[in-house]
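Down below is the structure, laid out as structure tokens.
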Amino acid sequence: MNINDKLFLRLIWIVTAVVLIVVTVLKLIPAPATIPSFVYLLPHIIGGINAVCSVLLIISLIFIKRGNIQAHKITNVITFVLSSLFLVFYILFHLYEKDTRYGDIDHNGILSAAELASVGSTRMIYFIILITHIMLAVIVLPLVLISFLRGFNMQIERHRKIVRWSYPIWLYVCVTGVIVYLMIVPYYNF
């Protein structure tokens with residue numbers, strides 16, 4: 001490993017730590033009193049970005065299986081840019097809107113017995129998907145960044161070794177992001 005790799009690896013861990021701190025702080029600070037109207041479009045954009053990234057990741061796999069390295073790289077760069085945009089929109093949305101409660105049909109922030117009964121076991125399914133999505137989203141950020149570093153430095157064997165882990169996790173996070181969006185969108189209070 002050369003000095004540039006060490007520098008980039010440090011930078012990757014710093015970026016990962018900063019993102020985790022920002023997302024954690026978002027949960028702790030109160031929302032601003034005034035919410036810009038564009039904020040209510042963000043969950044839909046975020047869900048769309050996850051859907052597009054899911055498709056692009058599959059296309060990227062097809063390209064590399066066919067030996068089209070250039071198309072693979074371009075597709076991954078586009079996916080990475082979209083995922084970065086997702087992260088910005090996610091942070092912006094959660095700055096203004098705190099947690100939405102799954103099953104909160106009347107949007108009052110309290111789940112009544114009737115609301116709980118109406119969603120039944122889908123609430124548990126939602127939380128299982130959400131928890132695995134969040135845990136793997138934390139893990140995937142440094143994996144994707146290291147995959148990019150190794151891919152662009154043409155460290156093919158090292159790239160392949162980490163992509164065996166980063167690719168399925170990244171795909172899972174994107175797909176479950178779409179599922180979480182589709183499951184929670186009826187309960188948004190806007």
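Data table
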item: Partners for K73 among lysines (Cα-Cα distance below 29 Å; same-chain residues under 8 apart left out); result: K6, K65, K161
item: Of the DSSP H helices in the chain, those whose Cα atoms cover at least 18 Å axially and whose Kyte score averages 1.6 or more; result: 3-28, 42-65, 122-152
item: Cα pair distances exceeding 21 angstrom across region 33-132, given as percent; result: 54 percent
item: Efficiency of FRET between I59 and D106 - r from beta-carbon atoms, R0 30 angstrom, step 0.05; result: 0.15
item: Projected-area mean, region 91-190, by convex hull of Cα positions, square nanometres; result: 7.5 nm²
item: Kirkwood hydrodynamic radius of the chain, Cα pairs, Å; result: 18.2 Å
item: Cα-based Kirkwood hydrodynamic radius, region 87-138, one decimal, Å; result: 12.6 Å
item: Distribution of pairwise C-alpha distances over region 1-72, 10 Å bins, in %; result: 15, 19, 35, 23, 8, 0
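Each value in this text was obtained by applying a stated rule to the coordinates, not by laboratory testing. Everything numeric in this text was worked out from a predicted model, so none of it was measured. Here Cβ is always computed from backbone atoms with ideal geometry, including for glycine, and neighbour counts include all displayed protein chains.
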